[in-house]
Amino acid sequence: MTLNDLQGLIDIDVAGSLARFSNFEPMYLKYLKRFVTEPTYDALKDAIAAQDFKGIESSAHTLKGIVGNLGLTALYHGFDEIVQDVRAGRNDAALQKCAEIDPKVIAVRQAISQLD
């Protein structure tokens, strides 16, 4: 699968991301593929299980930056909302959004893993 094919499967801003990577597609692909095994997502899941809201905020904030740079727009907005909810003390809302974003992350990782 190519980047053009990927755009048809997930919400991704390839053009904007390539610009951030100086239009060097091999480097962009390298980092995009790394998202499939990004350990920060496991840290977020651990923080959720422990109800560690400082950990949730920290992991979600890091993920927001990663997916923002990769152009994963829907995930960016989802992680941003989680960060904002935790910072505002809306912990139940943050946990709900964490549950909602999990299948989206899984779908994005599956799509990315199909890249050539």
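The values are calculated or read from the model by the stated rules, or taken from the named source; none is laboratory data. The structure presented is a predicted model; accordingly, all values stated were derived computationally and were not measured. FYI the Cβ positions are ideal-geometry reconstructions off the backbone, even for glycines, and counts take in every protein chain you see. Accessible surface is based on the protein model in full, side chains and every heavy atom, while ligands, DNA and RNA are left aside. Shrake-Rupley method; radii C 1.70, N 1.55, O 1.52, S 1.80 Å.
Could you check how many residues of segment 42-77 are assigned to a helix (DSSP H, G or I) and buried (at least 22 other Cβ atoms within 10 Å of the Cβ)? So that I can check it myself, show each step before the final result.
So in segment 42-77, the residues assigned to a helix (DSSP H, G or I) come out as 42-49, 53-70, 73-77.
Imposing the further condition that a residue be buried (at least 22 other Cβ atoms within 10 Å of the Cβ) reduces the set to 44, 56, 59-60, 63, 67, 70, 75.
Number of matching residues: 8.
Six or more apart or on different chains, Cβ under 6 Å: which pairs go from a residue in segment 100-116 that's in contact (Cβ under 8 Å) with a residue 12 or more places away in the chain to one that's open to solvent by 50 Å² or more (accessible area, probe 1.4 Å) and not hydroxyl-bearing (Ser, Thr, Tyr)? Could you list them? Close Cβ pairs (under 6 Å, with a partner that is open to solvent by 50 Å² or more (accessible area, probe 1.4 Å) and not hydroxyl-bearing (Ser, Thr, Tyr)) amount to 111/9. The residues of segment 63-98 that are within 14 Å of residue 41 (Cβ to Cβ) and over 9 Å from the mean Cα position of the chain (by Cα), listed by number, are 82, 98. Every condition in (1) on the phi > 0 side of the Ramachandran plot; (2) without any contact (Cβ under 8 Å) to a residue 40 or more places away in the chain is met by residue 71 except one, and the failing one is (2).
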